Structure formats: C-alpha cells, structure tokens
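Coordinate-derived values only; no laboratory data. Here the structure is a predicted model, which is why all the values come from computation and not from measurement. As a convention, Cβ positions derive from the backbone with ideal geometry for all residues, glycine included, and neighbour counts pool all protein chains shown.
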Amino acid sequence: MNEIIFELKDEFIELIRLLKATRIAQSGAEAKIFVEEGLVQLNGQPESRKRAKIRPGDKVTVDGNIISVK
C-alpha cells in the first residue's frame with residue numbers, strides 16, 4: 001500500500017474532489033466510478049457517498065492507496 005498525506009486547507013473536502021486532488025482519479029468521472037463500484041473505504045468502512053465530507057484525521061483507502069488527511 002502507498003500512503004499519501006493530504007494537507008487540508010479548509011474544514012473538509014468532498015470525497016470525489018479528494019480523489020482528484022491526490023491524482024488517484026484522473027477526472028471527476030473516474031472518481032465517481034471508484035465510489036460507485038465500492039472501491040473506496042473511509043476509516044475502514046465502505047463509502048458510497050460521492051460527496052462525503054472528509055475531515056482531518058480521516059483515512060481513505062482506494063486502489064492500493066491510503067490517503068491520510070491532516
């Protein structure tokens with residue numbers, strides 16, 4: 001697994017925007033597909049909300065990557 005540290009500048013970031021910002025997804029459409037196909041976990045639980053609010057301390061797992069939000 002590859003760990004990515006993402007520094008949050010606001011209170012939260014939407015899940016699909018996080019996937020694009022970390023370059024795990026090349027587009028919003030690809031980010032939505034990852035979520036729709038059940039490939040994304042938030043803090044160890046499957047996440048199906050494309051616009052889930054990701055906050056500091058959250059960990060998102062997708063496609064062999066762990067994103068730690070600071």
Check: How many nm is it between the label spots at I33 and R51, if each spot is 7 Å from the Cα in line with the beta carbon?
Finding: 2.3 nm
Note to self: If you scale each eigenvalue of the Cα gyration tensor by 5 and take the root, what three semi-axes come out for the chain, rounded to whole angstrom and sorted largest first?
What the structure shows: 16, 13, 12
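Test of understanding: what is the full-extension gain from N43 to K59, defined as 0.36 nm times their sequence separation minus their Cα-Cα distance?
On the way: separation 16, 0.36 × 16 = 5.76 nm, distance 0.51 nm.
Contour length minus the Cα-Cα distance gives 5.3 nm.
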Check: GluC sites (Glu not before Pro), restricted to the chain: which are DSSP loop and have at most 16 other Cβ atoms within 10 Å?
Finding: E7, E11, E37
Notebook entry, point to check: Tell me, in nm to one decimal, what length is gained between Q26 and L8 on full extension, where the rule is 0.36 nm per residue of separation less the Cα-Cα distance?
Noted result: 4.5 nm
Check: Using a simple spin-label model with points 7 Å from Cα along the Cα→Cβ vector, what separation in nm is obtained for S68 and R17?
Finding: 2.4 nm
Checklist line | Nonlocal amide H pairs with V40, under 5 Å, H built at 1.01 Å | finding: E47
Next item on the list: Enumerate the calculated ³J(HN,Hα) couplings along the stretch 23-37 in order (Karplus 6.51 cos²θ - 1.76 cosθ + 1.60, θ = phi - 60°), each rounded to whole Hz, writing x wherever the residue is Gly or Pro.
Entry: 6, 6, 10, 7, 8, x, 5, 5, 4, 4, 5, 3, 5, 4, 7
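Counting Lys and Arg as +1 and Asp and Glu as -1, each charge on the Cβ, what is the dipole of the stretch 21-70 about the Cα centre in debye, to the nearest 20?
Dipole size: approximately 320 debye.
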